[in-house]
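A short worksheet on the structure shown next.
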Amino acid sequence: MTARLERVMQKLPQTYAGPGGAVAVLKDGKPILRHAWGWANAERRIAFTPQSLFRICSITKHFTCALLLKSFPDPSVLDADVKARLPHLGDKAPTTLQLCHNQSGLQDYWAVAMLHGALAETPFANREAARLIGNTRSLQFTPGTRYSYANQNFRILSDILEARTGQSYAELVRKGIFDPVGMKTAFIAADTRAMPDGSEGYEGDVASGFRPAVNGMFWSGGDASIGASLDDMIAWEAYIDATRDDASSLYRRISAPVTFSDGRPAAYGFGLARETMFGRAVTRHGGALRGWRSQRLHMASERLSVVVLFNHNASPGDAAEELVAAVLDIEKPKDTTALPTPGWAGTYIEPETDLSVRIVKTGPRTVTLHYGTGSDDLTLQEDGSALEPESGLRLSAGAEGLRLDLPHDNQSSVLVQSGGTAQRDIEGRYHCADLGAELAIVDTGGHFYGACSGVLGDGRMEMLEPIGRDLWVMPCPRGVDHFPPGDWTLAFTRDDKGRITGIKLGCWLARRFVYARMD
């Protein structure tokens, strides 16, 4: 281990403060760092060790895709199975590969759960999953044309594998991956309320204190169900390196280039993000549930793998990047030279998705873009644009207006500025026929609150924020999944007499829902 890697390792518990964590770095297939600290369960004083069981959550997805290709080398033979699981879909059904690449057009079912009245701790198990998947009636884009994260893509894949083979997902992944690779303690951690060794996930921070996170999910499928220790993940990364020269190996196959239907390269496929880090290609994925955060990445050109596990909500992706920089002995360049501030600050509508876009100047060379599930910091460029270099997300002004380029989503559009003051006649009840769900908006002392209701119950009231004429946002800071939908955009529609007729409602994960006014 280099002195720099040692320094970074020693600072991790303070930089990413929380009850506990574990990290591993492999170079040329061998661990050069294997370290754990703190507590897997602070209340019971159970130490966090390389053998502690951990929810790797969405890292499960690339294991599911590897298992799929091992079982069905030509995934297209399952396309009819996908269609059969969407019996009410009025649009053309996505293909099996489009599910693998998050190009299905399905609205994420954990986001949709919030529109059905789920609370953050609402139980969500096999029955709820089957109900939301089976009731799907429309898509948010034509399959293959765009990227949008939808967890049930991988749940559908594992359900089909179970039906086709007559074996449970747990049996399939044990025989197909865990045993051959040597992931000795990996298992299906279906019940998110507890881990068999007592390991716990935590909410909170240093200032407010940490407390055990309460989750109600029951995972048994291929989207987020795997539990594994740091040593299990080391075995997987070592397997990736050992089979690096075998074109038929599982990881070589799931990390191969993928495209959209128009032939453009896609930055996500087979449950893996394809990105660049310090000018080098990486394949990676994170995992998250309330209280559990993880990241694993592989940089094939350097034969380098990194695994980070936190049982709290600090960023494992940032920690992984620090570890990579230390191994490669690379300094991240910093340029604080001020550039002219573009006059972009304000609120817009992205016309294809009908979602709000908010832009704020945040530094001498940065603007923050609020779109999707969170915010992105973009760096101002000499040509007058603003860029997030790793994703390629770019804002640029031209004769036609302010353009937002989202290459990761295979999307580009000219934003529509939202001006004016929000009108105050939005109180009422609204119904979405596609979902069979309702939205109630209530005026309480001049402040508007909204709440959703549906097959999962009655959701909590959230204060609405006006951001433009007939444009509001409804926050969703906590969802049934760790990463909540974020802000829901509510774009109110009116008839020729100016009366509200309905709402176009959506977030990046689940959009283009139409609600009609009921009263």
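Quick grid of which residues meet (1) more than 22 Å from the chain's Cα centre (by Cα); (2) of a type outside the set (Ser, Thr, Tyr); (3) surrounded by 21 or more Cβ atoms within 10 Å (Cβ to Cβ); (4) in a strand (DSSP E or B):
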{"position": "Leu439", "(1), (2), (3), (4)": "yes, yes, yes, yes"}
{"position": "Tyr449", "(1), (2), (3), (4)": "yes, no, no, yes"}
{"position": "Val473", "(1), (2), (3), (4)": "no, yes, yes, yes"}
{"position": "His482", "(1), (2), (3), (4)": "no, yes, yes, no"}
{"position": "Thr493", "(1), (2), (3), (4)": "yes, no, no, yes"}
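Does the range 20-34 contain any residue that is β-branched (Val, Ile, Thr) and touching a Ser or Thr at 6+ places or on another chain (Cβ under 8 Å)? Steps first, please.
At the first step, the residues of the range 20-34 found to be β-branched (Val, Ile, Thr) are 23, 25, 32.
Checking the rest, the ones that are also touching a Ser or Thr at 6+ places or on another chain (Cβ under 8 Å) come to 25.
Within the range 20-34, one or more residues are β-branched (Val, Ile, Thr) and touching a Ser or Thr at 6+ places or on another chain (Cβ under 8 Å).
Can you tell me which of Arg155, Arg174, Arg127 is open to solvent by 50 Å² or more (accessible area, probe 1.4 Å) and at pLDDT 95 or above?
Values: Arg155 fails: open to solvent by 50 Å² or more (accessible area, probe 1.4 Å); Arg127 fails: at pLDDT 95 or above.
Of Arg155, Arg174, Arg127, the one residue that is open to solvent by 50 Å² or more (accessible area, probe 1.4 Å) and at pLDDT 95 or above is Arg174.
Each row is one residue, and each column tells you yes or no for (1) in contact with an Asp or Glu (Cβ under 8 Å, 6 or more places away or on another chain); (2) touching a residue at least 40 places away in the same chain (Cβ under 8 Å).
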position	(1), (2)
Tyr239	no, yes
Asp246	no, no
Arg252	yes, no
Pro265	no, no
Gly271	no, yes
Gly287	no, yes
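What tally of residues in the range 224-262 results from selecting those that are open to solvent by less than 30 Å² (accessible area, probe 1.4 Å), outside any helix (DSSP H, G or I) and either of a type in the set (Phe, Trp, Tyr) or over 27 Å from Gly29 (Cα atoms) (or both)?
Counting residues in the range 224-262 that are open to solvent by less than 30 Å² (accessible area, probe 1.4 Å), outside any helix (DSSP H, G or I) and either of a type in the set (Phe, Trp, Tyr) or over 27 Å from Gly29 (Cα atoms) (or both) gives 1.
If a residue must be in contact (Cβ under 8 Å) with a residue 40 or more places away in the chain, closer than 18 Å to Gly317 by Cα and in contact with a strand residue (DSSP E or B) (Cβ under 8 Å, 6 or more places away or on another chain), how many such residues does the range 10-49 contain?
15
List every residue pair whose Cβ atoms lie under 7 Å apart, where the two residues are 6 or more positions apart in sequence or sit on different chains, the first residue falls within the range 471-482 and is among the aromatic types (Phe, Trp, Tyr), and the second residue, located anywhere, is open to solvent by 30 Å² or more (accessible area, probe 1.4 Å).
Hits for this filter: Trp472/Glu465; Trp472/Pro466.
Scan the range 411-437 residue by residue and report those that are more than 17 Å from Tyr515 (Cβ to Cβ) and not in a loop (DSSP other than H, G, I, E, B).
If the condition is that a residue be more than 17 Å from Tyr515 (Cβ to Cβ) and not in a loop (DSSP other than H, G, I, E, B), then Gln411, Ser412, Ser413, Val414, Val416, Gln417 are the ones that fit.
Considering only residues that are aliphatic (A, V, I, L, M), over 24 Å from Phe260 (Cβ atoms) and outside any helix (DSSP H, G or I), which ones fall in the range 121-158? Give the steps one after another, and end with the answer.
Let us first name the residues in the range 121-158 that are aliphatic (A, V, I, L, M), namely 125, 129-130, 132-133, 139, 150, 156-157.
Applying the additional criterion that residues be over 24 Å from Phe260 (Cβ atoms) yields 125, 129-130, 132.
Matches in the range 121-158: Ala125 only.
Residues in the range 96-109 that are of a type outside the set (Asp, Glu), assigned to a loop (DSSP other than H, G, I, E, B) and out of contact with any strand residue (DSSP E or B) (no Cβ under 9 Å at 6 or more places or on another chain): how many? Steps first, answer last, please.
So in the range 96-109, the residues of a type outside the set (Asp, Glu) come out as 96-107, 109.
Those left that are additionally assigned to a loop (DSSP other than H, G, I, E, B): 101-107.
Those still in the list that are out of contact with any strand residue (DSSP E or B) (no Cβ under 9 Å at 6 or more places or on another chain) too: 104-106.
The qualifying residues number 3.
Just name the residue that is surrounded by the most Cβ atoms within 10 Å (Cβ to Cβ) out of those in the range 457-471 that are out of contact with any Phe, Trp or Tyr (no Cβ under 8 Å at 6 or more places or on another chain) and part of a loop (DSSP other than H, G, I, E, B).
Step by step, filter the range 457-471, then rank; the result is Gly459.
Every residue, every condition in (1) within 18 Å of Asp232 (Cβ to Cβ); (2) open to solvent by 10 Å² or more (accessible area, probe 1.4 Å); (3) over 20 Å from the mean Cα position of the chain (by Cα); (4) not acidic (Asp, Glu), yes or no:
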residue: Ala186; (1), (2), (3), (4): yes, no, yes, yes
residue: Asp191; (1), (2), (3), (4): no, yes, yes, no
residue: Glu203; (1), (2), (3), (4): no, yes, no, no
residue: Phe218; (1), (2), (3), (4): no, yes, no, yes
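Being assigned to a strand (DSSP E or B) and open to solvent by 20 Å² or more (accessible area, probe 1.4 Å) is the filter here, so list the residues in the range 273-283 that pass it. Give the derivation first.
Filtering the range 273-283 down to residues assigned to a strand (DSSP E or B) leaves 273-277, 280-283.
Correct list: Arg274, Glu275, Thr276, Arg280, Ala281.
Return the residue satisfying two criteria in turn: it lies in the range 495-514 and is part of a loop (DSSP other than H, G, I, E, B) and of a type in the set (D, E, K, R), and of such residues it is surrounded by the most Cβ atoms within 10 Å (Cβ to Cβ). Break it down into steps so the answer makes sense when it comes.
Step one: filter the range 495-514 for residues part of a loop (DSSP other than H, G, I, E, B), giving 495-499, 507-512.
From what's left, of a type in the set (D, E, K, R): 495-497, 499, 511-512.
Values: Asp495: 9, Asp496: 5, Lys497: 6, Arg499: 10, Arg511: 23, Arg512: 18.
Selected residue: Arg511.
When both residues are 6+ apart or on different chains and their Cβ atoms are under 9 Å apart, which pairs have a first residue that lies in the range 411-427 and is free of Cβ contacts under 8 Å to residues at least 60 places away in the same chain, and a second that is β-branched (Val, Ile, Thr) and surrounded by fewer than 17 Cβ atoms within 10 Å (Cβ to Cβ)?
Glu427/Val442
Within the range 197-223, can you find the residues that are of a type in the set (S, T, N, Q) and either closer than 24 Å to Asn153 by Cβ or not in a loop (DSSP other than H, G, I, E, B) (or both)?
If we filter the range 197-223 for residues that are of a type in the set (S, T, N, Q), which is where we start, we get 199, 208, 215, 220.
Asn215, Ser220, listed by residue number.
Looking at Pro333, Pro316, can you tell me which residue is under 28 Å from His285 (Cα atoms) and modelled with pLDDT of 95 or more? It would help to see each step written out before you state the result.
Numbers: Pro333 fails: modelled with pLDDT of 95 or more.
Being under 28 Å from His285 (Cα atoms) and modelled with pLDDT of 95 or more holds for just one of Pro333, Pro316, which is Pro316.
Listed here are the residues, each with its yes/no results for (1) among the aliphatic types (A, V, I, L, M); (2) farther than 25 Å from Ala267 by Cβ.
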residue: Thr122; (1), (2): no, yes
residue: Ala125; (1), (2): yes, yes
residue: Ala130; (1), (2): yes, yes
residue: Ile156; (1), (2): yes, no
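Being among the small types (Gly, Ala, Ser), open to solvent by 40 Å² or more (accessible area, probe 1.4 Å) and under 22 Å from the mean Cα position of the chain (by Cα) is the filter here, so list the residues in the range 383-398 that pass it.
Ser391
Let's see how each residue does on (1) out of contact with any Gly (no Cβ under 8 Å at 6 or more places or on another chain); (2) polar (S, T, N, Q); (3) touching a residue at least 60 places away in the same chain (Cβ under 8 Å):
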site: Arg164; (1), (2), (3): yes, no, yes
site: Ala170; (1), (2), (3): yes, no, no
site: Val181; (1), (2), (3): yes, no, no
site: Ala186; (1), (2), (3): no, no, no
site: Asp197; (1), (2), (3): yes, no, yes
site: Met217; (1), (2), (3): yes, no, yes
site: Gly227; (1), (2), (3): yes, no, yes
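For Arg517, indicate whether it is open to solvent by 10 Å² or more (accessible area, probe 1.4 Å), touching a His at 6+ places or on another chain (Cβ under 9 Å) and farther than 20 Å from Gly420 by Cα. If you could, list the steps in order and put the result at the bottom.
Values: open to solvent by 10 Å² or more (accessible area, probe 1.4 Å): yes; touching a His at 6+ places or on another chain (Cβ under 9 Å): yes; farther than 20 Å from Gly420 by Cα: yes.
The answer is yes for Arg517.
The values are calculated or read from the model by the stated rules, or taken from the named source; none is laboratory data. Model, not experiment: these values are computed from the prediction. We place every Cβ from the backbone using ideal geometry, glycine too, and count neighbours over all the protein chains shown. Only protein heavy atoms, including side chains, enter the accessible area calculation; ligands, DNA and RNA are left aside. Shrake-Rupley method; radii C 1.70, N 1.55, O 1.52, S 1.80 Å.
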